[in-house]
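Here, each number is a calculation from the coordinates, and none is a lab measurement. Keep in mind that this is a model prediction, so the values were computed, not measured. Quick reminder, even Gly has a Cβ in these numbers, built from the backbone with ideal geometry, and neighbours come from all protein chains shown.
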């Protein structure tokens, strides 16, 4: 008998049971033991008959850089965790393909052919109400409080850092540089990533830290500590939308689309509030009331989708005024 | 008959000559491979610059980075020189066991940067030991360790130990008759250091200063962990950021090459001296010992010991946070296996390359072929290539090779390159010892180069080889530079895993893993020293 035929016959049972794979590239905390990744994987694998494989990078800021440098040699199907400020840069790389998925009926307005949102949040400063009984009520007020030290993130490498630059630009426009100068003395640490900065704040290195308005919900619901609060600023809070995109050389486009469709269902979204500590893009106020009451949605500023040059202007404004 | 004998002798001579040539080729082949690899690297870089379309590097953007790189290196070097000398003197004059001091200074120099860094954070951070003490005695504590202070403190820590080790060994090696002479002429220790001993103490010190400065320029891990402000950025950090966040390999390469040239220019005096170092093996203090310290000496000794030992207290903190979850996690074991594998492969590559280079170096010296100086240069220069610059170049090569090299291989390669010159320079003096006599004897008895190398040379240097192998294994084991560029879900080393835990605000877990990690390092150092001492007894 032909040897090849024997070989194929022997391998046949394995090919029946072989599952298709979906490779997702995301930031470390999303797929950590305490992040939403493991639960989402379990839920999706129950319906897709596939194997979901996560790969992670240090931070969301490094996701796009890695795929650009390697031209997605690793063969990831999806990138999960870019945000609205990186979308235009990501589209320019021409590494992504259109998703063709209906995104109507979400809690946020969305219209983009390449990316779909999976969660959103508002940038804010977190403080310990035990230590600061009378917190600032506006960004200008914050700059006047020289007794308060702040940890921020570097806008060149961290999406919350860039979010703060966007926030300041949205509130102060051309006077952004002056505002940066006015809070310069209060900034004690500019960390490279959100997790570094937040950890240092919890260790007592500063009075305030740049984070999300949802962060207190973690302390309240998990640690039962209601002292951590988000500043409620009259200027309004800039928002961040995190997105998923299908890479051009995805080995399994249909499965990738299936995952994106799944990401817009309650099965996926239910893991976001107390997994990624952000607001889900579906309105889950009834099923996740604990979360929404621990992290009420603050007054928001209009959503911006910056171009590369706009982002560069914000960063330049920050660079001009820092030590 | 005569012609037949002549033929046999001639044939034997020819066979012998061919054997020698084969042996030389076999032993020198790794070095030739290394040379070919270096030339290929240079070619890839030059070719990239000629054909790259993404020339968007603006030098002006990096002025402050250059300035800060050199400023912090200069300051840390100055501090290290001053305190290194003071520490050596007070340790010499103090009654503390000299073996303990030597061991402490050796360990302080080779211990992983990440360990000392977290040890310092454990003391100085707002939640650290000093802060707790300040609360206890009701004093305001507002020191920010994630600042210029933190960078200089930790950078100086390692280099003070390095400089102190140099002077301490010199002081221990003062000949007994010198000491007797000083005593009989009532010359105090300080007077002896000022005039008669000055030249002795400072001989070879220029190399230590150069190395200190270069170590201070290449302190990536320290800057990575302590830079709490964008103005505190060095060239290495800028390379890391260009690759990891900007996808800008062009800028990363230019920065790497600029740093490389600057460091090589700075190291020119080093190459003139054909240095050799022995900062690891033991030195005995003369049994005759006329000098004794006073109260000031004891006071400084106490604080010097506090300075050097206090970061080690994190060990207690780590072990107190014993975590069964961590011990049973797959990532924990994967990271240890990765670190062990990377260190073993880089040690293996470094040993093959440095022994091959040593053999060729001696081969040329024996035959008065003076290009051996260039061989020395080609190996020693690797010590001065900053790890992140090399990482940027290897990254480019990997792009050209369509990423056939895994992250594991890249890290092992880079680590082996920076430990090879350490092995080479450390073994050089011993390997060349008595080489002329040995050469004559080997020629006389027609000993094959392979036989000479494996049965005579390796046996002769085995003690030093073991010491340096343990040291470079530890250096590679604790490295956190190239792995910040080359890592993924399946490949992370222990230092990287620790930094990831720390970044995720899992401080207790990171301190626990760190403690386990350092205990393993102590065990490796202990095993090697045990072996050496038992061998010395035999």
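Taking the Kirkwood radius as the inverse of the mean 1/r across Cα pairs, report the Rg/Rh of the range B:343-384.
Looking at the range B:343-384, the ratio lands at 1.06.
By how many degrees, between 0 and 90 and to the nearest 10, does the Cα long axis of helix A:60-70 differ from the longest principal axis of chain A?
Around 50 degrees separate the two axes.
Just the number: Rg to Rh for the range A:236-315, Cα atoms, Kirkwood Rh, two decimals.
Numbers: Rg = 16.0 Å, Rh = 15.2 Å.
Ratio of gyration radius to Kirkwood radius: 1.05.
Looking only at the range B:219-252, which residues have a backbone nitrogen under 20 Å from a spot 7 Å from the Cα of residue B:134 in the C-beta direction?
B:226-229
Provide the three semi-axes, in whole Å and in decreasing order, of the ellipsoid equivalent to chain B as defined by the square roots of 5 times the Cα gyration tensor eigenvalues. Numbers along the way, then the final one.
Working: eigenvalues 317, 223, 104 Å².
One finds semi-axes of 40, 33, 23 Å for chain B.
With a 10 Å radius around each residue's Cβ, average the other Cβ atoms per peptide and rank A:116-125, A:23-32, highest first. Working shown, then result.
Working: A:116-125: 25.1, A:23-32: 22.4.
Result, highest mean first: A:116-125, A:23-32.
Counting only DSSP beta bridges with both residues in the protein assembly as shown, tell me the antiparallel percent, nearest 5.
Values: 25 of 43 bridges.
Of the beta bridges lying entirely in the protein assembly as shown, close to 60 percent run antiparallel.
Could you pull the Rg and Dmax for the protein assembly as shown, using just the Cα atoms, both in Å?
Calculated on Cα positions, Rg and Dmax stand at 30.7, 113 Å.
For the range B:120-200, build the convex hull from the C-alpha positions and give me its volume per residue in Å³. Please report the intermediate quantities before stating the final value.
Details: hull volume 12.7 nm³, N = 81.
Hull volume normalised by residue count: 157 Å³.
Extending each Cα 7 Å along its Cβ direction at residue B:51 and residue A:130, get the distance between those two points in nm, one decimal.
Going by the 7 Å Cα→Cβ label model, 6.3 nm.
Rounded to the nearest 0.05, what FRET efficiency is calculated for residue B:534 and residue A:251 with R0 set to 56 Å and r the Cβ-Cβ distance? Don't skip to the end; give the middle numbers.
Numbers: r = 57 Å, r/R0 = 1.03.
Using R0 = 56 Å, I get an efficiency of 0.45.
Could you work out the relative contact order of the range B:190-269? I mean the mean sequence separation of Cα pairs under 8 Å and 6+ apart, divided by the number of residues, in percent. Mind dumping the intermediate values first?
Numbers: 37 pairs, mean separation 19.0, N = 80.
Computed over the range B:190-269, the figure is 24 percent.
Hey, got the Cα dimensions of the range B:155-213 along the principal axes, in Å, largest first?
42, 18, 17
Quick check on packing: order A:267-274, B:329-336, B:236-243 by the mean number of other C-beta atoms within 10 Å, highest mean leading.
On the way: A:267-274: 21.2, B:329-336: 15.9, B:236-243: 25.2.
Ranked from most to least packed, the peptides come out as B:236-243, A:267-274, B:329-336.
Please compute the contact order of chain B in relative form: average sequence separation of alpha-carbon pairs under 8 Å and at least six residues apart, divided by the residue count, as a percent. Could the numbers behind the result be given before it?
Values: 620 pairs, mean separation 119.8, N = 538.
Contact order relative to length: 22 percent.
Order by neighbour count: A:185, A:147, fewest other Cβ atoms within 10 Å first, most last.
Values: A:185 12, A:147 8.
Fewest-to-most Cβ neighbours within 10 Å comes out as A:147, A:185.
Could you work out the relative contact order of the range B:431-538? I mean the mean sequence separation of Cα pairs under 8 Å and 6+ apart, divided by the number of residues, in percent. Could you put the intermediate results ahead of the total?
Details: 39 pairs, mean separation 29.4, N = 108.
It rounds to 27 percent for the range B:431-538.
If r is the Cβ-Cβ distance from residue B:404 to residue A:300 and R0 is 30 Å, what FRET efficiency results, to the nearest 0.05? Intermediate results must be reported in sequence, preceding the final value.
Details: r = 48 Å, r/R0 = 1.60.
It comes out at approximately 0.05.
Please give the helix A:159-172 orientation as an angle from the longest Cα principal axis of chain A, in degrees from 0 to 90, rounded to the nearest 10.
40 degrees
Stokes-Einstein D for the range B:366-517 at 37 °C, 0.692 mPa s, Kirkwood Rh over Cα pairs, in µm²/s?
On the way: Rh = 18.5 Å.
Value of D from the Cα-based Kirkwood radius: 177 µm²/s.
Taking 0.36 nm per residue of sequence separation and subtracting the Cα-Cα distance, how much length would be gained by fully extending the chain between residue B:60 and residue B:451, in nm to one decimal?
135.0 nm is the gain from fully extending residue B:60 to residue B:451.
Would you calculate the separation in nanometres between label points at residue B:371 and residue B:295, each defined as 7 Å from the Cα along the Cα-to-beta-carbon direction?
Simple spin-label model gives 6.7 nm for this pair.
On C-alpha positions alone, give me the angle between the axis of helix A:308-321 and the longest principal axis of chain A, in degrees, nearest 10.
40 degrees
Per 10 Å bin, what percent of the C-alpha pairs of chain A does each bin hold, from zero upward?
6, 25, 32, 22, 9, 3, 2, 1, 0
Please report, for the Cα atoms of the range A:85-234, the Rg to one decimal and the Dmax as a whole number; what are they, in angstrom?
So, for the range A:85-234, Rg and Dmax equal 17.3, 51 Å respectively.
Please arrange A:131, B:183 by counting, for each residue, the other beta carbons lying within 10 Å of its beta carbon, fewest first. Before the final figure, lay out each step's value.
Numbers: A:131 11, B:183 14.
Listed from fewest to most nearby Cβ atoms, that is A:131, B:183.
Taking every pair of Cα atoms in the range A:14-105, average 1/r, invert it to obtain the Kirkwood radius, and report Rg/Rh to two decimals. Please report the intermediate quantities before stating the final value.
Working: Rg = 14.4 Å, Rh = 14.6 Å.
Expressed as Rg/Rh, it is 0.99.
How crowded by other chains is A:182-189, given as the mean number of beta carbons from other chains within 10 Å of each beta carbon? Walk me through the intermediate numbers first.
Details: counts 0, 0, 0, 0, 0, 2, 7, 7.
Mean shielding by partner chains, rounded to a whole number: 2.
Could you put B:492, B:364 in order, starting from the residue whose Cβ has the fewest other Cβ atoms within 10 Å?
B:364, B:492
Ignore the peptide's own chain and count Cβ atoms of other chains within 10 Å of each Cβ in B:505-513; give me the average, rounded. Each step should come with its number before you reach the end.
Values: counts 8, 5, 3, 0, 0, 0, 0, 0, 0.
For this peptide, the per-residue mean of nearby foreign Cβ atoms is 2.
Less than 13 Å from a label point 7 Å out along the Cα-to-Cβ axis of residue B:29: which backbone N atoms in the range B:410-429 qualify, by residue?
What the label zone holds, given the 13 Å backbone N cut-off, is no residue at all.
Mind checking B:240-249 for the average number of partner chain beta-carbons within 10 Å of each residue's beta-carbon?
Numbers: counts 1, 7, 1, 4, 10, 12, 8, 10, 3, 2.
Partner-chain Cβ atoms within 10 Å, mean over residues of B:240-249: 6.
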